[in-house]
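Presented below is the structure to which this report refers.
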Amino acid sequence: MIYLDNAATTRLSDKAGKELLNWACFNYYNPSASYQQAFEVRQALNGARERLKKLFGVKVGDIIFTSGATESNNLAIRGSVREGQWNYIFSAGEHASVLNVAKSLENEGKDVRFIPLKKAGDVDLDALTKLVDSKTRFVSCMFVNSVTGAINDIAKLSKIVRERAPRAIIHVDGVQAFCKIPFRLDELDIDLFSISAHKFHGPKGVGALYVKNKDTLKNMVFGGGQEFDKRSGTENVPGIMAMLVSAEEIDVQSNYEKVKKLNEILVKQLNQKGIDFVGTCEKSPYILTFTCEGVNGETLVRMLEKDVIIGRGSACSSKKAGNHVLESMGYPLDKIKGVLRVSLNAQQNENEIKKAGKLIREAYLELSEKMK
């Protein structure tokens, strides 16, 4: 079986698994306790924050460890909300953990604005210039779109926001970017950045939120004061340390080049009348999304699952009809019905990808023939 749904989750790396076991079974002490063993765990935890900042490419700011990207995104948004006549801006292509919080703010009477997507798949920065003003409190835009792989120009977005709303807080969902595409946070000029460990071969149930200035965030989880009193609760030390190990063993640039070649091979294998690739902007090679004319994408997924596992978009929204990202790009519902998403990892090889592409193409031809 060939697994091609890595944007949904990845296999835990062997090294991360060993690290997880070590901190769960041997160095299992509560970092908030007062004895020496606990102090040593606390030191390791604080060291992990600096290690992660180094991976982000930033020297200033703090790291708040969370249960994953959904919590990080919620903390970033809800922790930034303030009383008054502020407005809050989100891209129309955000993950459900951002989009649904935006909708909840809208239901509470907040001034919520959405940046449309261009037909190419990236956010419309010209539209952003008309949305942002001196009363903009918060702007959120994902780095790499989880449905299409579109890479948004975060540095340019930040420049637009800083010029028009100097007090605004800029948040980036970096889940599909971290450990996959080369970047440095200190070159992006943002305030908040979310990641999730299981997207880069770390364990599920752990993530982080980079915070340039923790004083801009409200306390969202009350308790013993852990994580700078912003997210109380005993830290998931095994998960955090395994997350760091999984990130540190990744050679981002080398993996990027390898996956780019795998993506190109897959595109050639899927070069078939009736299969159309989604988006024309700069995209992450880790994600390849396409529509299959005249067939149901879900049926294709089921046909293939014994040999090839693929997805249909964000796993968190897979049970919902339609696709808000593709709808924002202007795709009609009949096209969206046949959408499929293939997502790669750097441990895969060319033969696997050639075989998978052939199987996907053949399944599409078989199903489309039956639908005639």
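Among the numbered criteria (1) touching a residue at least 60 places away in the same chain (Cβ under 8 Å); (2) open to solvent by 10 Å² or more (accessible area, probe 1.4 Å), which single criterion is violated by F143?
(1)
Name the single residue, out of those in the stretch 236-273 being open to solvent by 30 Å² or more (accessible area, probe 1.4 Å) and in a loop (DSSP other than H, G, I, E, B), that is nearest to Q43 (Cα to Cα).
If we take residues in the stretch 236-273 being open to solvent by 30 Å² or more (accessible area, probe 1.4 Å) and in a loop (DSSP other than H, G, I, E, B), then N236 is nearest to Q43 (Cα to Cα).
Residues K156, K214, K204, K218: which one is among the basic types (K, R) and either free of Cβ contacts under 8 Å to residues at least 12 places away in the same chain or under 26 Å from L326 (Cβ atoms) (or both)? Even if it seems obvious, please write down each step before you answer.
Numbers: K214 fails: either free of Cβ contacts under 8 Å to residues at least 12 places away in the same chain or under 26 Å from L326 (Cβ atoms) (or both); K204 fails: either free of Cβ contacts under 8 Å to residues at least 12 places away in the same chain or under 26 Å from L326 (Cβ atoms) (or both); K218 fails: either free of Cβ contacts under 8 Å to residues at least 12 places away in the same chain or under 26 Å from L326 (Cβ atoms) (or both).
The unique qualifying residue is K156.
How many of the residues making up the stretch 253-263 are over 19 Å from the mean Cα position of the chain (by Cα) and farther than 16 Å from K355 by Cβ?
Residues flagged as over 19 Å from the mean Cα position of the chain (by Cα) and farther than 16 Å from K355 by Cβ within the stretch 253-263 amount to 3.
Kindly indicate whether M329 is open to solvent by 70 Å² or more (accessible area, probe 1.4 Å) and among the aliphatic types (A, V, I, L, M). Lay out the reasoning, then the answer.
Numbers: open to solvent by 70 Å² or more (accessible area, probe 1.4 Å): no; among the aliphatic types (A, V, I, L, M): yes.
The answer is no for M329.
Out of the residues in the stretch 10-28 that are open to solvent by 60 Å² or more (accessible area, probe 1.4 Å) and of a type in the set (F, W, Y), state the one that is farthest from R42 (Cα to Cα).
Step by step, filter the stretch 10-28, then rank; the result is F26.
Just one of the numbered conditions (1) of a type in the set (A, V, I, L, M); (2) under 24 Å from L12 (Cβ atoms); (3) more than 24 Å from the chain's Cα centre (by Cα) is not true of V295; which one?
(2)
State whether one or more residues within the stretch 166-181 are assigned to a loop (DSSP other than H, G, I, E, B), open to solvent by 20 Å² or more (accessible area, probe 1.4 Å), in contact with a strand residue (DSSP E or B) (Cβ under 8 Å, 6 or more places away or on another chain) and farther than 15 Å from N73 by Cβ. Working first, answer last.
Here is the first cut: in the stretch 166-181, the ones assigned to a loop (DSSP other than H, G, I, E, B) are 166-168, 174-181.
Then drop every residue that is not open to solvent by 20 Å² or more (accessible area, probe 1.4 Å), which leaves 166-167.
Narrowing the set further to residues that are in contact with a strand residue (DSSP E or B) (Cβ under 8 Å, 6 or more places away or on another chain) leaves 167.
Okay, now just the ones that are also farther than 15 Å from N73 by Cβ, so 167.
Yes - at least one qualifying residue is present in the stretch 166-181.
Using beta carbons and a limit of 8 Å, which pairs, at least six apart or on different chains, have the first residue in the stretch 246-265 and aromatic (F, W, Y) and the second one surrounded by 14 or more Cβ atoms within 10 Å (Cβ to Cβ)?
Short answer, once both residue conditions are applied: Y256/K180; Y256/I181; Y256/P285.
Just to check your reading of the model, which residue among A7, A38, A48 is farther than 30 Å from A177 by Cβ, modelled with pLDDT of 95 or more, hydrophobic (A, V, I, L, M, F, W, C) and open to solvent by less than 20 Å² (accessible area, probe 1.4 Å)? Steps first, answer last, please.
Working: A7 fails: farther than 30 Å from A177 by Cβ; A48 fails: farther than 30 Å from A177 by Cβ.
On inspection, the qualifying residue turns out to be A38.
Looking at the stretch 354-372, I want the residues that are of a type in the set (S, T, N, Q) and have a partner that is open to solvent by 50 Å² or more (accessible area, probe 1.4 Å) and modelled with pLDDT under 95 with Cβ atoms under 6 Å, at least 6 apart or on another chain. Which pairs are those?
That search, which allows pairs on different chains as well, returns S368/G294.
The values are calculated or read from the model by the stated rules, or taken from the named source; none is laboratory data. On a predicted model such as this, the values are computed, not experimentally measured, just so you know. For neighbour counting, all protein chains shown are included, and Cβ atoms are generated from backbone atoms with ideal geometry for every residue, glycine included. Keep in mind that these areas ignore ligands, DNA and RNA; they rest on the heavy atoms of the full protein, side chains included. Shrake-Rupley method; radii C 1.70, N 1.55, O 1.52, S 1.80 Å.
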